[in-house]
Structures are given as structure tokens and as C-alpha cells.
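First up is the structure itself, then whatever we jot down about it.
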Amino acid sequence: IINYYDERTTMAGHVDKTEETMDAPLISLSVGLTCVYLIGGPTRETEPTPLLLHSGDILAMCGESRLAFHGVPR
């Protein structure tokens with residue numbers, strides 16, 4: 001997945017579940033502005049951990065994190 005972040009970018013908390021197999025890792029390449037990326041756990045009630053993503057950063061979600069809620073706040 002390639003994610004482009006500009007000054008208006010937000011992404012509601014979600015879990016990517018449309019792939020045929022959930023065994024494969026989710027790989028994301030960030031481009032554009034630096035953003036705060038929140039990654040939580042298997043439910044929305046899990047306190048998310050903020051990550052600072054810069055243009056060119058690659059994020060791999062695999063194992064337990066593959067099914068974690070994640071998003072970009074306002």
C-alpha cells in the first residue's frame with residue numbers, strides 16, 4: 001500500500017480485512033508530509049501507540065499487528 005499524507009490527511013481507525021489471506025503482512029510506504037500514525041490492538045478499546053511516519057518510511061504489520069486497528073488522527 002502507498003499512503004500519501006498531506007496537511008489534510010486523516011484515516012479513521014480500521015482493520016484491513018479485504019485480502020484473500022490474512023497471513024500475508026501489510027506493507028505500507030509513506031510519502032508526503034510527516035504524520036502521526038496510531039496503531040492499537042484487536043479492538044477499538046486498546047490504547048493506540050503513536051508512531052511518527054516520515055516520507056519514505058516503510059511500515060510492516062504482521063503477526064498480531066496485522067489485525068490491529070490503525071489510523072491517522074486529525
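Could you pull out every one of the strands (runs of 3 or more DSSP E) wholly within the chain that has 1 or more residues that are touching an Asp or Glu at 6+ places or on another chain (Cβ under 6 Å) and touching a residue at least 24 places away in the same chain (Cβ under 8 Å)? Spell out the reasoning first.
Numbers: elements: 2-5, 11-14, 26-32, 35-39, 49-53, 58-61, 70-72.
The qualifying strands (runs of 3 or more DSSP E) are 26-32.
For Leu33, state whether it is under 18 Å from Asn3 (Cα atoms) and open to solvent by 60 Å² or more (accessible area, probe 1.4 Å).
On the way: under 18 Å from Asn3 (Cα atoms): yes; open to solvent by 60 Å² or more (accessible area, probe 1.4 Å): yes.
Spelling it out, Leu33 is indeed under 18 Å from Asn3 (Cα atoms) and open to solvent by 60 Å² or more (accessible area, probe 1.4 Å).
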In segment 61-74, anything open to solvent by 60 Å² or more (accessible area, probe 1.4 Å) and hydrophobic (A, V, I, L, M, F, W, C) is listed as Cys62, Leu67
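The values are calculated or read from the model by the stated rules, or taken from the named source; none is laboratory data. Treat the numbers as computed from the prediction; the structure is a model and nothing was measured. A quick note on method: Cβ atoms are made from the backbone with ideal geometry, for glycine too, and the neighbour counts reach across all protein chains shown. Ligands, DNA and RNA are stripped out before the accessible areas are found, and what is left, the full protein with its side chains, is counted by its heavy atoms. Shrake-Rupley method; radii C 1.70, N 1.55, O 1.52, S 1.80 Å.
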